[in-house]
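What follows is one structure encoded as structure tokens, with my remarks underneath.
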Amino acid sequence: MNIHNEDSDMKIVGSSKLTKEEGFDVIQLVEETKLQRFNGNSAKAKSLGANIVSAFSYKAAPEELLQLAKEHDVEVTQEVLLQMKILTVFSAEYCIDNFLPSPMLSTVAVGELYDVLEKVSPDFYEELSKSTAFSFYYLCLKDDCKEEDVCIGEQFACACGRKGDSAYEKLGKDLHNINVIVFKKAIQAFAFV
């Protein structure tokens, strides 16, 4: 055997199998999937994802959203409304990821959220898929970031083309905080076990 062609220590490129030591346990995943299905959590997560879409699938801004913007002296243009809706989707995903009892259930809920959104509001879904705002909002969640909601408000102002405008920053911060309260209550109402 030619020692220059020895490849016993080489990994196979493209191999997607992870060992238990590398952090993925297929048996555990199957067991959790089964448990969550039989205890009703999977159905609840799917229902949550579908129902939460009503919070941002509207065509015209709801009165309470207009009132919130007015309190911050922000005119609700089409672009501002789009950014408010995008921030609301981010807030929903943030809550689903942080307040559901398992990552698997979060994945089910978020998947259903996007499936339903694509059906009921394809234009907004398309805008959302092109937006870079989520990337900047997620950067606000890093450990070394200042207060998350302050950073999210700053990013909201940037997304609206109003970087450094304190009215837009405060609106983004307050909208996210209100959304978190509302979505957290909605999640609690599903009584996951």
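Values quoted throughout were computed directly from the atomic coordinates according to the rules given, and no laboratory measurement underlies them. The shown structure was predicted, so the numbers you read here are calculated from the model rather than taken from an experiment. No Cβ is skipped: glycine too gets one built from the backbone with ideal geometry, and neighbour counts run over all protein chains shown.
The peptide list 85-96, 176-187, 128-139, put in order of mean Cβ contacts within 10 Å with the highest first, becomes 85-96, 176-187, 128-139.
Mind running the shape call on the range 43-114? Use the C-alpha gyration tensor, a ≥ b ≥ c as the square roots of the eigenvalues: rounded below 1.5 for a/c, prolate if a/b tops b/c, oblate otherwise. Because a/c hits 1.5 or more and a/b exceeds b/c, the range 43-114 counts as prolate. Lys/Arg Cβ at +1, Asp/Glu Cβ at -1, dipole of the range 104-193 taken about the Cα centre: which of A157, S131, G111 is farthest positive-ward? Result: A157. In straight-distance terms, cross-link reach from K146 covers every one of the lysines whose alpha-carbon lies under 22 Å from its own, apart from those fewer than eight places away in the same chain; here that gives K163, K170, K173. Rounded to two decimals, the Cα-based Rg/Rh of the range 75-151, with Kirkwood Rh, is 0.99.
Packing, taken as the mean count of other beta carbons within 10 Å per residue, orders the peptides 38-51, 65-78 from highest to lowest as 38-51, 65-78. Starting from one equal scatterer on each C-alpha and no solvent at all, send me the Debye-based log10 I(q)/I(0) for the range 48-193 at q = 0.08, 0.11, 0.21 Å⁻¹, two decimals. Debye output, listed in q order: -0.20, -0.39, -1.43. If you take the alpha carbon atoms of the range 129-193 and fit the smallest convex hull around them, that volume is 108 Å³ per residue.
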